[in-house]
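Notes follow once the structure below has been shown.
The values are calculated or read from the model by the stated rules, or taken from the named source; none is laboratory data. Everything numeric here is computed off the predicted structure, so don't read it as measured data. Backbone-built Cβ (ideal geometry, glycine too); neighbour counts: all protein chains shown. Areas reflect the complete protein model, heavy atoms only, side chains present, ligands, DNA and RNA absent. Shrake-Rupley method; radii C 1.70, N 1.55, O 1.52, S 1.80 Å.
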Amino acid sequence: MIRFWNKRIKTGILTENTELDQELKAIRKEIKSLINKRFAGSLAIRMVDSGSCNACEAECNALSNPYYNLDRLGIYFVASPRHADVMLLSGVMTFNMTPHVLNAYKQTPEPKWVIALGDCPLAQAPFSPGFAIKAPADQYLPVTHHIPGCPPEPLAIIRGLLDFLKKL
Amino acid sequence: MRLIARYARQRATDFEIITVWDQKTEIEQLSLQQPSIKTLSKTHPAALWFERKMHDDFGIIIEDAFDNRPLVQQERFPDKIHPMLKSFQQSELEEAPFKPYKYETIRGDGVFEVSVGPIHAGIIEPGHFHFSQAGEDILHQEVRHFYKYRGIEKMLEGKSLSQAKSIISRISGNESIAYQLAWRDIQLQASGNELAQNSQKYHAMLLEMERIAHHLTDLGFIPNDAGFGAALAFCSKLAEDTRRQLKRLCGHRFGFDAVDFEAHTLDLEGFDSFLDLLEKEIAFFESWILGIPSLLDRFDTTGILKHYQALKYDVVGVMARASGVATDRRDTPFYQEHGFSIETQEGGDVSARFKLRINEVKQSIALIRKLKVSQVDKITLSDTKDGDYCAYAESSIGELFMSIKLKNGLINRFYVRDPSFINWQALHLMMPGNIIADFPLINKSCDLSYAGNDL
Ligand code: SF4
């Protein structure tokens, strides 16, 4: 453990893009009453994969690495739709997955929002339409915001989430 | 013999059932009216999913099957639909009334069932795991997938090889380069072209970068699933460094669409120091993590896949090598010239898979140093010739098999067997004797793909 703490102290803090903190501070002020009323200062996201290639998930996981450290912005990924404000939807809405996605949406308490992550949910990324794909997702769910990319890079996801907050 | 794949193909007057072994390929012809075959699953248990899928896809009857349940077609899938038949041209499916799926369970006094998924608690892909439990102890587990079934095989029919590429690139995000390499080899066979040495090296380099990024992610998540978050912070930083380097090399963090036949000049600034740093950090990581007894206590003897089980289930990739089965598609003269030798471990447990990944990262770093090129030449492809082609690649999970039949220059049948399709079927062997709380740890130590499996 001593070795670990030595390493820890030597490495210091790696978090980048602290300019986003400033931006978020500004947004926080702007929509303070809204975020306080609705999100109590933090935004809880439930990620739901409706048939992705897994790269969109990988980029969401990357949001917690020391460079991005999403938690510091008060944005958290939660384990259950019942704890979530936002459903972050990736993938092409497969025939087999659609009922489960709709169920997860139903389980999310009001007020709730759906954000489409990556090019899959609304535009099927490069996949051609087919019998097993039910995209675009906005036929079934009220998609409030879209974060484009294939996959959107971590920084693009953070920016997308901030844009979503501004939109509210 | 090792079973690699078993799949069907519809022709004008018959079905062909193709069984690919490591030493030979067998083809059986069936009539279109009454197609039926005998099961191989009595001697090769992993044949089961191939055959169940064949029934769902084509309606082929498995005469002496002991498991007739649908595989890909779930509870709301309409009856009597076999989407891979040429006559199936529907662009949409109507939801049918719910037909319950009968899970494999163990019954007895005090035995209960635990259902997990398809949506899981973390940021991971959907799939279902069904446990029979005696208290905390797992008695049996059934893996049930295909929630992500996108119908890729059908989708690619009627496309040219070049049109298919960006879809093939995105079948499984973590294995994109491996999929593209299989595509590349088929393209080269079909057009009768040779790859320039420097582009072969460049592609191999990308494949090792993909492996490093994926292995590092796992090396962080495995200790994290045992409650040790610091390892995840450490490795996810390194994985991010790797993705950024990959982007500098090929323009994309996952290498989507990166494998091509164009000329490239690589941006290698800072690349050597990245490799040096990675090598140092992984050595630190190894001695740090393997020096924490409470963590090893969770890893050792957890989720054992025994050597004979790995052979019996025809397991491939990391799972096989961690159980002492030396199988790796990179075991070719090209890789050997660059210093490759197959890494294996004996234990077959979480520890073995963890250590194997560390050693493979080290080996990949060494390989990349030798493979490094700064310039890649363009090759001009000739027109493709019709025929049956197949290719292999070793993804970060294991052996990938792809087969494409070209007719009139277009894909007539696309088939791919992700390493996960075989390996998922052996996952349940690791469960008995473990507690359910160790399942995430065991599952992560194998880190199989759902997307590549479900297609
Ligand atoms: S948008 Fe692209 S990266 Fe994301 S799931 Fe779809 S194919 Fe994969």
So which residues in region B:132-157 are surrounded by fewer than 23 Cβ atoms within 10 Å (Cβ to Cβ) and within 19 Å of B:Asp447 (Cα to Cα)?
B:Glu142, B:Val143, B:Arg144
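So that you can scan it fast, the table gives a plain yes or no per residue for (1) without any contact (Cβ under 8 Å) to a residue 40 or more places away in the chain; (2) among the hydroxyl-bearing types (Ser, Thr, Tyr); (3) open to solvent by 40 Å² or more (accessible area, probe 1.4 Å):
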position	(1), (2), (3)
B:Val259	no, no, no
B:Thr265	no, yes, yes
B:Ser273	yes, yes, yes
B:Ser294	yes, yes, yes
Conditions (1) touching a Pro at 6+ places or on another chain (Cβ under 9 Å); (2) assigned to a loop (DSSP other than H, G, I, E, B): number failed by A:Pro129:
(1)
Checking the structure you have, find out if any residue of region A:43-56 is farther than 29 Å from B:Leu448 by Cβ, outside any loop (DSSP other than H, G, I, E, B) and at pLDDT below 80.
no
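Given the residues B:Gln180, B:Gln197, B:Gln189, which is the only one that is touching a residue at least 24 places away in the same chain (Cβ under 8 Å), away from chain A (no Cβ under 14 Å) and either of a type in the set (Ser, Thr, Tyr) or within 21 Å of B:Ala263 (Cα to Cα) (or both)?
After ruling out the rest, the residue left standing is B:Gln189.
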Single unsatisfied condition, A:Asn65 versus (1) of a type outside the set (Lys, Arg); (2) within 12 Å of the ligand (Cβ to nearest atom); (3) buried (at least 24 other Cβ atoms within 10 Å of the Cβ)
(2)
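Can A:Ala104 be described as more than 16 Å from the ligand (Cβ to nearest atom) and of a type in the set (Gly, Ala, Ser)?
Numbers: more than 16 Å from the ligand (Cβ to nearest atom): yes; of a type in the set (Gly, Ala, Ser): yes.
So A:Ala104 passes the test.
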Looking at (1) at pLDDT 90 or above; (2) open to solvent by 20 Å² or more (accessible area, probe 1.4 Å); (3) more than 7 Å from chain B (Cβ to nearest Cβ); (4) within 16 Å of the ligand (Cβ to nearest atom), which one does A:Leu88 not meet, given that it meets all the others?
(2)
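Take the residues of region A:124-142 that are more than 13 Å from chain B (Cβ to nearest Cβ) and within 16 Å of the ligand (Cβ to nearest atom): which is most open to solvent (accessible area, probe 1.4 Å)?
Let us first name the residues in region A:124-142 that are more than 13 Å from chain B (Cβ to nearest Cβ), namely A:136-138, A:141-142.
Next cut, within 16 Å of the ligand (Cβ to nearest atom) only: A:136-138.
Values: A:Pro136: 37, A:Ala137: 0, A:Asp138: 90 Å².
Top of the filtered list is A:Asp138.
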What are the residues in region B:234-293 that are within 16 Å of the ligand (Cβ to nearest atom) and more than 14 Å from chain A (Cβ to nearest Cβ), if any?
B:Cys250
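Just need a number here: residues in region A:107-122 that are free of Cβ contacts under 8 Å to residues at least 24 places away in the same chain and either touching a Ser or Thr at 6+ places or on another chain (Cβ under 9 Å) or within 13 Å of the ligand (Cβ to nearest atom) (or both).
Let us first name the residues in region A:107-122 that are free of Cβ contacts under 8 Å to residues at least 24 places away in the same chain, namely A:110.
Checking which are either touching a Ser or Thr at 6+ places or on another chain (Cβ under 9 Å) or within 13 Å of the ligand (Cβ to nearest atom) (or both) leaves us with none.
Looking only at that region, the number is 0.
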If we keep only residues of region B:71-83 that are surrounded by 15 or more Cβ atoms within 10 Å (Cβ to Cβ) and more than 11 Å from every other protein chain (Cβ to nearest Cβ), then the residue nearest to B:Glu104 (Cα to Cα) is B:Leu71
Mind checking whether some residue in region B:108-121 is surrounded by 14 or more Cβ atoms within 10 Å (Cβ to Cβ) and without any contact (Cβ under 8 Å) to a residue 12 or more places away in the chain?
yes
Which of (1) at pLDDT below 90; (2) in contact with a Lys or Arg (Cβ under 8 Å, 6 or more places away or on another chain); (3) within 14 Å of the ligand (Cβ to nearest atom) is the odd one out, the single condition A:Cys150 does not satisfy?
(1)
Under the condition of being in contact (Cβ under 8 Å) with a residue 40 or more places away in the chain and within 18 Å of B:Met1 (Cβ to Cβ), which residue from region B:318-349 is least open to solvent (accessible area, probe 1.4 Å)?
B:Ala320
Every residue in region A:91-113 that is facing chain B (nearest Cβ under 7 Å) and among the aromatic types (Phe, Trp, Tyr), please.
A:Phe95
Residues located in region A:78-105, provided they are farther than 28 Å from B:Pro70 by Cα and of a type outside the set (Asp, Glu):
A:Val78, A:Ala79, A:Ser80, A:Pro81, A:Arg82, A:His83, A:Ala84, A:Val86, A:Met87, A:Leu88
